[in-house]
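In what follows, a structure is listed as structure tokens, so that the remarks can point back to it.
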Amino acid sequence: MEEAKQLFTKLKIYSLLDLALIIPTSYNDTTLSKSLVLGQVHTLEAKVIESSVYGGKLRVTFTLTDSGRRLSSTFFRSTPYHHKQFSVGSSHVIQGKLEEYKGYLQMSQPKSIKQIGKITPKYKTVLKESSIASLMECYITEKNLYNEGLDSKEVATLMLLHFPKSIDEIYENNSLKGELKDRLKFIEAFNHLKKLQGKRVDFPAIRALNGDIEPFISNLPFTLTAEQMSVISDIRKDVAKEDKACKRMVVGDVGSGKTMVILASVMMAYPHKSILMAPTSLLALQLYEEAYKHLPSWVKVALVMQGRDKGDYVEADFVIGTHALLYKEDLPRASLVMVDEQHRFGTQQRQSLETLVSSQTHKAHFIQFSATPIPRTQAMMQSELLDVSLITTTPFEREVLTQTISKEDFPDLLGHIKEEIAQEHQVLIIYPLVEASSEVPYQSLEESRGFWEKKFKQVYVTHGKDKHKEEVLLKFREEGSILLATTVVEVGISLPKLTLIVIVGAERLGLATLHQLRGRVGRNGLKSWCYLYSNKKENFRLQQFTQTTNGFDIAKLDLKFRDSGDILDGTIQSGQKFKWLDMAEDEEVVAYAKKRVKIKKELK
């Protein structure tokens, strides 16, 4: 048992189905061939009728026992052992690839095999063949597979792949049969969901929250969308429970109105306290401004940022802050804790927040918000770990035209920029690098700023390492015409007058990043443009991107062009590899696997 544990650790497997999903890469089949098919490996009974040496090579002619046909073989690396083994009159079971030359059957360098009628799986793992074979023999049994929750067809598929009776049942045109692949997709999804479910730990809440959201909703100068109301309703049900602290992730596209969901949640917690942690001072300040504007006057709001606090956070009902919150020793105990763009905080900051909001036995209701849309399949996976709500629509129609452009389009682009500035609109130009580099075939921020500053007034410049980037962005918001930046503005400040964005070297960025950048324009319903500037005229990926503005569709496209996110640790990163399952396409498979996992859990 201890030895098996060590082997599982070596293989990095954590469940029986992890082991079962190590599918053989090929098989050594010593079953006698029933028919002769050229180009395939055959196992045949044969007798040596001639043997000669020519140019240092051993040539042997056989007659095949079944058909009586002659077959010639050449041994290019012959040894005295071969000469003795394939002496005239000797009988063999030979194995090798069958070919034909001028009507004569040939088999180059055949093996003479001792044991026939056996199919041996070949695995590519870090273990010896004998070790992996004994693990499979010991653990992959029908009983064990049924205990995992698989049905008879799924069990039969795994048993067939690991202990086949016939290769014909496995392959079709040298590829795994379609129905076997489909079942492996399901087993992979089912196994992954079961593991995620095992990682979820629920705690009782500090208290149930039943605050009235009506004064906030009825006072808004606009109507919330059906999806916003649906997510608010999900959160209401969550936070009303005392036996289980809410653990929810709200994923909304750029400009989908997550701020209103945040403020509605604050009202649910009132008169008890809420805390929200944002990744940048700009986002924290923006949320503070929105809260101040839309929450009823009796809800006290405070802002905590490094050296720039507003209001009394000890007395406040709603405290908004950056990671500076983590260093306040007198921060009051909150019943509701929210995090915006959680994946932008380091592991240590997340752990600090965790200790900040929980006692040994009870935890605050916890909601995280993300503006990085994920495909529905991924959301379904994620929801085994925490509850997930998607906001896929925006409160108003955004009219953003996306186009790919290159060098010859520059004069037209310049004309368009002048038109937008004349209408008191703003322009954003994103550069791939701050300083020149021989690695990147595009101008950098520093190389091009002179051109723009000469041609236009009110040009602002910032980048990731700029210590004053937040002040620059705030100044630009109030009085700028053109902002030159790197991807620092990807998630952040709302720029209501921004109508045109140019992304230089767009092919270098992932589609999700391009979508976040495009989300900076047209926030208030103004007609807007996103220009993807590239030296490569034909780029299929960018062309696909110009066809849709829906972040969830973009996320699906992004998956097609790169690996899907690893969500086992509750974050969204690249790296999770599925061998059979396609996270961009197999939504129905995941939905079915989810249903089955739920049934198995209920039957326990």
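The values are calculated or read from the model by the stated rules, or taken from the named source; none is laboratory data. What you see is a predicted model; the values in this text were computed from it and never measured. All Cβ positions, even for glycine, are placed from backbone atoms using ideal geometry, and neighbour counts span all protein chains on display.
Of the residues making up the stretch 19-33, those that are touching a helix residue (DSSP H, G or I) at 6+ places or on another chain (Cβ under 6 Å) and polar (S, T, N, Q) number 0.
Quick one: which residue in ALA302, ALA324, ALA269 is under 26 Å from THR361 (Cα atoms), of a type in the set (Gly, Ala, Ser) and modelled with pLDDT of 90 or more?
Numbers: ALA302 fails: under 26 Å from THR361 (Cα atoms); ALA324 fails: modelled with pLDDT of 90 or more.
Testing whether each residue is under 26 Å from THR361 (Cα atoms), of a type in the set (Gly, Ala, Ser) and modelled with pLDDT of 90 or more leaves just ALA269.
Please find, within the stretch 558-581, the residue that is modelled with the lowest pLDDT out of those that are under 9 Å from PRO375 (Cβ atoms) and in a helix (DSSP H, G or I). This residue is LEU559. Give just the number: which of (1) buried (at least 21 other Cβ atoms within 10 Å of the Cβ); (2) farther than 23 Å from THR393 by Cα does ILE235 not satisfy? (2) is the only condition that ILE235 fails. Every test in (1) modelled with pLDDT under 80; (2) assigned by TED's automatic domain parsing to the domain that holds LEU414; (3) acidic (Asp, Glu) is passed by GLU602 save one, and that test is (2). Restricting the search to helices (runs of 4 or more DSSP H) fully inside the stretch 79-181 and requiring at least 2 residues that are over 30 Å from LYS600 (Cα atoms) gives 80-85, 129-139.
LEU386 meets each of the listed conditions (1) surrounded by fewer than 20 Cβ atoms within 10 Å (Cβ to Cβ); (2) touching a strand residue (DSSP E or B) at 6+ places or on another chain (Cβ under 9 Å); (3) in the same structural domain as LYS465 (by TED's automatic domain parsing) apart from (3). Every test in (1) touching a residue at least 60 places away in the same chain (Cβ under 8 Å); (2) under 30 Å from VAL155 (Cβ atoms); (3) outside any strand (DSSP E or B); (4) in contact with a strand residue (DSSP E or B) (Cβ under 8 Å, 6 or more places away or on another chain) is passed by TYR27 save one, and that test is (3). On the given criteria, is LEU176 hydrophobic (A, V, I, L, M, F, W, C) and either closer than 25 Å to VAL37 by Cα or touching a Leu at 6+ places or on another chain (Cβ under 7 Å) (or both)? Criteria met by LEU176. Summed over the stretch 443-468, residues that are among the hydrophobic types (A, V, I, L, M, F, W, C), out of contact with any helix residue (DSSP H, G or I) (no Cβ under 8 Å at 6 or more places or on another chain) and at pLDDT 85 or above total 2.
The test for being of a type outside the set (S, T, N, Q) and loosely packed, with under 14 Cβ neighbours inside 10 Å does not hold for GLY96. When residues in the stretch 213-247 are screened for being in contact with a helix residue (DSSP H, G or I) (Cβ under 9 Å, 6 or more places away or on another chain), charged (D, E, K, R) and at pLDDT 90 or above, 2 of them pass. For VAL440, state whether it is assigned by TED's automatic domain parsing to the domain that holds ASN535 and either touching a helix residue (DSSP H, G or I) at 6+ places or on another chain (Cβ under 7 Å) or part of a strand (DSSP E or B) (or both). Spelling it out, it is not the case that VAL440 is assigned by TED's automatic domain parsing to the domain that holds ASN535 and either touching a helix residue (DSSP H, G or I) at 6+ places or on another chain (Cβ under 7 Å) or part of a strand (DSSP E or B) (or both). Determine whether ARG508 is surrounded by fewer than 19 Cβ atoms within 10 Å (Cβ to Cβ), under 21 Å from the mean Cα position of the chain (by Cα) and modelled with pLDDT of 75 or more. It is true that ARG508 is surrounded by fewer than 19 Cβ atoms within 10 Å (Cβ to Cβ), under 21 Å from the mean Cα position of the chain (by Cα) and modelled with pLDDT of 75 or more. Of all the listed residues (LYS237, LYS244, LYS293), the sole one being within 28 Å of ARG200 (Cβ to Cβ) and part of a helix (DSSP H, G or I) is LYS237.
For the stretch 40-78: of the residues being under 24 Å from TYR27 (Cβ atoms) and in a loop (DSSP other than H, G, I, E, B), which is nearest to the chain's Cα centre (by Cα)? That would be GLN40. The condition (being loosely packed, with under 14 Cβ neighbours inside 10 Å, closer than 27 Å to LEU36 by Cβ and among the aromatic types (Phe, Trp, Tyr)) is satisfied by just one residue among TYR81, TYR146, TYR101: TYR101.
Of all the criteria given as (1) touching a residue at least 40 places away in the same chain (Cβ under 8 Å); (2) in a strand (DSSP E or B); (3) farther than 30 Å from ASN191 by Cα, the one not satisfied by VAL37 is (2). Among the candidates ALA584, ALA591, the residue that is at pLDDT 75 or above and out of contact with any His (no Cβ under 7 Å at 6 or more places or on another chain) is uniquely ALA591. The requirement of being among the acidic types (Asp, Glu) and under 18 Å from ILE13 (Cα atoms) is satisfied by GLU137.
For (1) surrounded by 15 or more Cβ atoms within 10 Å (Cβ to Cβ); (2) outside the structural domain of ILE262 (by TED's automatic domain parsing); (3) farther than 25 Å from ILE235 by Cα, each residue gets a yes or a no:
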site	(1), (2), (3)
LEU285	yes, no, no
TYR292	yes, no, no
PRO296	no, no, no
ALA302	yes, no, no
MET305	yes, no, yes
VAL319	yes, no, no
ALA324	yes, no, yes
LEU331	yes, no, no
VAL339	yes, no, no
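Confirm whether PHE186 is touching a residue at least 12 places away in the same chain (Cβ under 8 Å) and not in a loop (DSSP other than H, G, I, E, B). So PHE186 fits the description; yes.
Just a yes or no: is a residue in the stretch 196-212 touching a strand residue (DSSP E or B) at 6+ places or on another chain (Cβ under 9 Å), over 17 Å from ILE23 (Cα atoms), touching a residue at least 60 places away in the same chain (Cβ under 8 Å) and part of a strand (DSSP E or B)? Scanning the stretch 196-212 turns up at least one residue that is touching a strand residue (DSSP E or B) at 6+ places or on another chain (Cβ under 9 Å), over 17 Å from ILE23 (Cα atoms), touching a residue at least 60 places away in the same chain (Cβ under 8 Å) and part of a strand (DSSP E or B). Selection of the stretch 415-437 for residues being touching a residue at least 24 places away in the same chain (Cβ under 8 Å) and part of a helix (DSSP H, G or I) yields HIS416, ILE417, GLU420, ILE421.
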